[in-house]
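Working notes for the structure below.
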Amino acid sequence: MAIFALNLFDISDRDEYLAYSRRSPKEVQAHGGRVVALGKFREAATGDITPRTVFVLVEWESKEAFDSYCNDPALADLHPHRINGTSNYIWHLFDKLDDLRPILKALS
């Protein structure tokens, strides 16, 4: 089952994040992911989360595909660039749904 990875963060070191972003799209794709959307923070419309500057949404073929990207020993030199190049990182996983019925049904 496909999942979405929501990434919200601030860039704390431009060079470190550039090192990550130059290579990560190819590696994400090789591990069964695809970047669905990228965004730059505009404004807070509602809610109590501290805004982050950057938004990335990645669709993964499965949780296993996501885990393979995170845990691939061949990428051990890549992930530190993401960690060292960002701050205030939020990385949440969501199950892909066709509609909200499964959530609404669980509430009844």
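Values quoted throughout were computed directly from the atomic coordinates according to the rules given, and no laboratory measurement underlies them. Just so we're clear, the structure is a prediction, and the values are computed from it rather than from any experiment. Here Cβ is always computed from backbone atoms with ideal geometry, including for glycine, and neighbour counts include all displayed protein chains.
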> Under a no-solvent Debye model with one identical scatterer per Cα of the chain, what's log10 I(q)/I(0) at q = 0.21 Å⁻¹?
Replying inline: -1.21
> Picking from 44, 76, 30, which is most flexible by a Gaussian network model of the chain using Cα springs under 10 Å?
Replying inline: 44
> DSSP loop chymotrypsin sites (Phe, Trp or Tyr not before Pro) in the stretch 21-108 with at most 14 other Cβ atoms within 10 Å of their Cβ, which ones?
Replying inline: 41
>> Loop only by DSSP, 16 or fewer other Cβ within 10 Å of the Cβ. Give me the trypsin sites (Lys or Arg not before Pro) in the stretch 11-90 that pass, ordered by residue number.
In response: 42
> Name the GluC sites (Glu not before Pro) in the chain that are in a loop by DSSP and that have at most 16 other C-beta atoms within 10 Å, would you?
Replying inline: 43, 61
